[in-house]
């Protein structure tokens, strides 16, 4: 009878993770579609070495957060709710207000809600860097940025 040895599964260790930097220009993207892809990169699901219990994702820098696009009437209808902690303290802002005042927070919240709600998810979110304008201060580390675009078609300006 032939001796059989099963193939071993690959399990990545946190010491062996090699991280890359991705640069995303949000002015050419749709909010939800971009957030799905960025969350996948932060989790490391775009790599063949993905391991669920290891933070094996890459760094993502998102620029031009103020110019993000949405579909439909989300600009007026989508609400961001928060609670002050006092009785009757439920407050809300629509997407237009958020884009005018806190554009980085719109993208950060969309991506955060697609990541695991655990300690590992919070660690993954720390690798996301969002900037409202075109410039970012991350040139000093000399990272090699790989520019990515997720939306295939050109977005029509209104």
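Note on segment 41-82: among residues that are part of a loop (DSSP other than H, G, I, E, B) and in contact (Cβ under 8 Å) with a residue 60 or more places away in the chain, the one that is farthest from residue 118 (Cα to Cα) is 64.
Residues that are within 10 Å of the chain's Cα centre (by Cα) and more than 15 Å from residue 134 (Cα to Cα) within segment 33-67 comprise 34, 35, 36, 37, 38, 39, 40, 41, 42, 43, 59, listed in sequence order. If residue 58 satisfies every condition in (1) surrounded by 14 or more Cβ atoms within 10 Å (Cβ to Cβ); (2) farther than 19 Å from residue 121 by Cβ but one, which is the exception? The failed condition is (2).
The condition of being free of Cβ contacts under 8 Å to residues at least 24 places away in the same chain and either farther than 20 Å from residue 144 by Cα or crowded, with 17+ Cβ neighbours inside 10 Å (or both) holds for only one of 27, 92, that being 92.
Filtered by the rule that a residue be assigned to a helix (DSSP H, G or I) and under 13 Å from the mean Cα position of the chain (by Cα), segment 18-32 gives 26, 31, 32. Among residues that are assigned to a helix (DSSP H, G or I), touching a strand residue (DSSP E or B) at 6+ places or on another chain (Cβ under 7 Å) and touching a residue at least 12 places away in the same chain (Cβ under 8 Å), residue 37 is not included.
Among the conditions (1) assigned to a helix (DSSP H, G or I); (2) under 26 Å from residue 146 (Cα atoms); (3) touching a residue at least 12 places away in the same chain (Cβ under 8 Å), the only one that residue 15 does not satisfy is (3). Checked against the criterion of being over 15 Å from residue 32 (Cα atoms) and under 18 Å from the mean Cα position of the chain (by Cα), the candidates 91, 127 yield just one match: 127.
If you take the residues of segment 119-158 that are in contact with a strand residue (DSSP E or B) (Cβ under 8 Å, 6 or more places away or on another chain) and at pLDDT 95 or above, which of them is farthest from residue 19 (Cα to Cα)? The extreme case among them is 131. Taking the condition part of a loop (DSSP other than H, G, I, E, B), surrounded by 15 or more Cβ atoms within 10 Å (Cβ to Cβ), out of contact with any strand residue (DSSP E or B) (no Cβ under 8 Å at 6 or more places or on another chain) and touching a residue at least 12 places away in the same chain (Cβ under 8 Å), does residue 114 pass? So residue 114 fits the description; yes.
The values are calculated or read from the model by the stated rules, or taken from the named source; none is laboratory data. Quick caveat: nothing in here was measured; it's all calculated off a predicted structure. In this analysis, Cβ positions are derived from the backbone assuming ideal geometry, glycine residues included, and neighbour counts consider all displayed protein chains.
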